[in-house]
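The values are calculated or read from the model by the stated rules, or taken from the named source; none is laboratory data. From a predicted model like this one, the values you see are computed outputs, not experimental measurements. Cβ sites come from the backbone with ideal geometry, for glycine too, and all protein chains shown count toward neighbours.
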């Protein structure tokens, strides 16, 4: 598990998908237990996005990755902060397969705050880099590694991205390869949604939750267990938020509830996984 494997272009283990790049890596340096992921012949999805993603985006990312993993898809991402890390976590928590493409040597956990996730991927997934062990991260290496992320996946999902974002570079590579690009819509006034909303305007597939992702891959979403409908204050808050996302003071006006009742209801609904906050601090229903 701790050894680094070198796979040269043309070798049997070299991923055929990478051969579609105009500049495929001459070598891959691989670390982890899931070496079968190099020659993955099933469906795979890349999930990428902002390093400073909103809580709602991170929760949705974990849900997307978990659903993909539960249905046998390989989840590919770049182990960066934010959306990338959440994608790996969602796959790992679901007991699925995940592959991380690094912009440094495969023996370096970067960023250091993702060390726990890196170790978990090495233990049950795969870490891949075109840079040899010991290569330190450098800014120019990350855009370069994005082409590998895109090439290893059948489709790329961008969860949150500003107008100029590395995630959009991954999407561009996917388009160049003739692969599908999907995006999660965001509040128009939220700068973190400018990139994803731009992708949707350009024709990207719409993903509002796990069911959309699975349907895109031709997978029928599994029936979900029924959940009792909240009553009282919680029901009033949910109904108000089905109109549009809102701040707590707006919910006071919409529902007629006292500020304390709104705050308590929001906390309960968040703990039950029914509500999340977007990048602007607004509350909205969680993807289901």
- The one condition residue 19 fails out of (1) touching a residue at least 12 places away in the same chain (Cβ under 8 Å); (2) over 21 Å from residue 141 (Cβ atoms); (3) out of contact with any strand residue (DSSP E or B) (no Cβ under 7 Å at 6 or more places or on another chain); (4) assigned to a helix (DSSP H, G or I) is (1)
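Which one of 96, 105, 42 is in contact with a helix residue (DSSP H, G or I) (Cβ under 9 Å, 6 or more places away or on another chain) and not in a helix (DSSP H, G or I)?
Working: 105 fails: in contact with a helix residue (DSSP H, G or I) (Cβ under 9 Å, 6 or more places away or on another chain); 42 fails: in contact with a helix residue (DSSP H, G or I) (Cβ under 9 Å, 6 or more places away or on another chain).
Among 96, 105, 42, only 96 is in contact with a helix residue (DSSP H, G or I) (Cβ under 9 Å, 6 or more places away or on another chain) and not in a helix (DSSP H, G or I).
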- Message: Being loosely packed, with under 14 Cβ neighbours inside 10 Å, more than 26 Å from the chain's Cα centre (by Cα) and not in a loop (DSSP other than H, G, I, E, B) narrows it down to one residue among 239, 264; which is it?
- Response: 239
- Message: Could you tell me how many of the residues in region 98-117 are surrounded by fewer than 24 Cβ atoms within 10 Å (Cβ to Cβ) and within 18 Å of residue 46 (Cα to Cα)?
- Response: 1
- Boolean, residue 276 is outside the structural domain of residue 55 (by TED's automatic domain parsing), part of a strand (DSSP E or B) and buried (at least 19 other Cβ atoms within 10 Å of the Cβ): yes
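Look at residue 211 and say whether it is part of a loop (DSSP other than H, G, I, E, B) and surrounded by fewer than 19 Cβ atoms within 10 Å (Cβ to Cβ).
Judged against the criteria, residue 211 is not a match.
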- In region 214-226, residue nearest to residue 91 (Cα to Cα) [restricted to those that are in a helix (DSSP H, G or I) and either in contact with a helix residue (DSSP H, G or I) (Cβ under 9 Å, 6 or more places away or on another chain) or free of Cβ contacts under 8 Å to residues at least 24 places away in the same chain (or both)]: 214
- Task: Taking residue 100 as the residue in question, decide whether it is over 12 Å from residue 37 (Cβ atoms) and within 20 Å of the chain's Cα centre (by Cα).
- Result: no
- Query: For residue 65, are the conditions met, namely being under 29 Å from residue 164 (Cα atoms) and touching a strand residue (DSSP E or B) at 6+ places or on another chain (Cβ under 8 Å)?
  - Reply: yes
- Query: Considering region 155-184 alone, what residues qualify as being at pLDDT below 95 and touching a helix residue (DSSP H, G or I) at 6+ places or on another chain (Cβ under 7 Å)?
  - Reply: 162, 163, 165, 166
- Item | Residue that is nearest to residue 59 (Cα to Cα) [pool: residues in region 247-261 that are surrounded by 13 or more Cβ atoms within 10 Å (Cβ to Cβ) and touching a helix residue (DSSP H, G or I) at 6+ places or on another chain (Cβ under 7 Å)] | 248
